[in-house]
Each structure stands twice: as C-alpha cells, then as structure tokens.
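Only one structure is covered here, and it is reproduced in the block below.
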Amino acid sequence: MKAARLNEVGSDFVIEDIPTPEPGPGEVLIRIGGSGACHSDLHVKSGEIPGVAFPHTLGHENAGWIESFGPGAEGNGFEVGDAVVVFGGWGCGHCRFCLGGKEQLCNTFLWGGMGPEGGYAEYMVVPSVRHLLRADGLDPVEAAALTDAALTPYSAVKKALPHLVPGTSAVLIGAGGLGQYGVQFLKLLSPAKVIVVDTDEKKRQTARELGADVTVDPRDADAAEQIRTAAGQDGVAAVLDFVGIDTTMALGAGAVDRLGIFVLVGLAGGSFPFSFFRFAAEAVMMTSNWGTRNELEEVLALARSGRLVSAIERHPLSEINEVFEHLATGQIPGRAVLVP
Ligand code: NAD
Ligand code: ZN
Ligand code: ZN
C-alpha cells in the first residue's frame, strides 16, 4: 500500500510503498476514506511534540471502510465494507482512565497515529472494534475531521458549559481547524456571547459567518480592552485557547473573570504564571485532551442533524507536503483531509 512516511523530525513526508498490514487477533483493517491533517502532526513533524518513534505513519483523524477482520474480530455487528469512523484515543482498555470512559487519557503513545501507525496511508489497523463508530450516512472524508477537529473542541466546550450562564461571554482563541467547530458548539450549546480572537482576518470573517458575536485581532494594542468591553459587566466566564503560546495564554487567562474557566487546548507549549494575584478568584485553569468515544457519538449525531458546518478541503495523499506547508503558513481555510 501507499503510505506517507515521516522518517525523522524536520523532514518532508515520503510516499512509500510498504506492505499492507495484516490485522492480528481482535484487530480490524480499515481502508482509509480520509485522514485529517491536524496541527498536532505539524508539532510532531517540527519536533515540538517529542516521543514519536520514526519512521512513522502519522494521521489520527480517520474514517473509511472495514476491509477485513483479524481472527476473532468478526461477529460484533460490523461487516466488511461498512463505513466507519475511527475513535483514535486508543488506550490499554484496563486502567482506571480507560474503564472510566476516558480512554484518550490512558497513554498518548497508544493513540492511532502517535504510537501505532496512523491514517496517512491506504489502510490502517485498528486494535479493536470498540474504536469503530458507524458513519451512518456521513461522508468518510467529512467524518474524518469530526474525530478530532470537532471532537476536541466539543469536549473543551462541554467543560466550559457549566460556567456559561446567560449574560456571560466565552472567548475562543484560534479559529482554525478546531476553533471553527468550537465557535459552532459554543453557539449551539450555550447562551453565552461568543468573542473570537484570531490574528488572521480571514479566520475572523469565517468565525463571524459561523456565529461569532464579536471578533478581535490580538495584535491590536487594546485587544484586552476590546474583550472586556464586549463581555460587559457579567464578564468572561470561559476562555478556550486553541493556540497555546505565551501571549494567547496571557490574553486569555487575563480575561477570565471570577468563577470562570480557562481551557487550554493548543499544544504550542506556552505557559502562564498561575498565582493567587495573577488569576481571577476561584477561576479554574485546565487542559482538555481530545474527547471520549461517547462525545464522538454526540458530535456525529450533531453532524447527521445537519447543524454543523465543515470547511473541508480534500487533497490527494500525494499532496501531503503541500498541505502541511499550507497548514504551517495559515493557508488552510478550515480542515484539509488527505484522501489516499
Ligand atoms: P490550525 O492551524 O488549523 O488553526 C490555528 C488557528 O490559530 C488559525 O486560525 C490561526 O490563524 C490562529 N492563530 C495562530 N496564532 C495566533 C495567535 N497568536 N493569536 C490568535 N490566533 C492565532 O490548527 P488546529 O489543527 O486547529 O490546531 C490548533 C491547536 O490545537 C494546535 O496546537 C494543535 O496541536 C492543538 N490540538 C490539541 C488537541 C488536544 O486534544 N488538546 C487536539 C488536536 C489539536
Ligand atoms: Zn489532532
Ligand atoms: Zn488505559
């Protein structure tokens, strides 16, 4: 099969012919319909997320069709040819995180595409049918992006929802692949005013089209003041940071009001000096790491209901280097999905 291999940090992807994997006991072979190009893979490629063993096939946002079952994997209600969406936060299945339904918190290097080989290829092996959800009418190319670009902000927004009482505002920083779904979940699920911060005017325009009430350019000298004014007296009850550099964290954490929440999603490695006097009284600061299988089912249900707008660009897998170049330079309007 063809696979886009990354042989070392900093190198380009190389399309190689490698043996099509054989599903082992309990495993399922998936023919990839689409694999989303996530900014996290850009962090891996540039060495900002260490720990991936090279050479490796990245790609953790996947959907496609069941190609074959390994020994013992049949008979679980799925048939060869079924269109499926792959939940990618694979874990050991036995620890308290997995048993508690938060399998994505088990071990990052058990995730498909981070430890095991991912979906920038014609086929990938999924270790268990429990990671498969029925596409049920969804196009695999769009559904691929739902498994992370939509699932991650969905999980982050759900963490913020209890804080977003009527009258409050939510600030979302970084309206790219993830953030554009985040804006929609905030508008669909909360009564809050939605303030979107992005350096790119095209992304701010998209955010307004998706329902953002106010947009702010963080490079404006009075950006913090613009947020305060837009939020009014009930204040900013939640900030979701989909960038995660020092300056976005300072702007976001500085905007959170008392009893609010700051949710860090972006993996750029920035930090904010948490101290009693730097952060609002009794506000919460937390990270949000991907989402659960149940949350993915909820996202798929929303997509099937027609209430999610997906700005998907399809690219043949052979264009993977151009796609990552465009992602690095902010030229992907929403999500690019690689089609083998
Ligand atoms: P993306 O490149 O599609 O979008 C990034 C957006 O941020 C763009 O709209 C860009 O214009 C904007 N931006 C860049 N610098 C900015 C700044 N200084 N201020 C405001 N906006 C700025 O990326 P993506 O695929 O949406 O991923 C976003 C981040 O989320 C990445 O760091 C990625 O690794 C991370 N991520 C985290 C998880 C998780 O589970 N925590 C899951 C997936 C992705
Ligand atoms: Zn991702
Ligand atoms: Zn586990």
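FYI, it's all coordinate maths here, none of it is from the lab. Since the model is a prediction, treat every value here as computed from it, not as a measurement. Here the Cβ is made from the backbone with ideal geometry for all residues, glycine too, and neighbour counts use every protein chain on show.
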Ranked packing of 185-197, 227-239, most packed first, by mean Cβ within 10 Å: 185-197, 227-239
Cβ crowding within 10 Å averaged over residues, with 301-307, 242-248 ranked highest first: 242-248, 301-307
Gyration tensor verdict on the range 178-219 (Cα atoms; rounded if a/c is under 1.5, prolate if a/b is larger than b/c, oblate otherwise): prolate
Inter-probe distance in nm under a simple model that places probes 7 Å from Cα toward Cβ, at F54 and T329: 2.2
Spacing of the two label points (7 Å from each Cα toward its C-beta) at R307 and D17, in nm: 4.9
Set K45/K159; K159/K193; K102/K158 screened for pairs whose C-alpha atoms are more than 23 Å apart: K45/K159
Positive-end residue of A83, I173, A281, charge dipole of the chain with Cβ unit charges: A281
Placed amide H near G34: partners under 5 Å, 5+ positions off or other chain: A63
Nearest-ten-degree value, helix 151-160 long axis tilted from longest Cα axis of the chain: 30
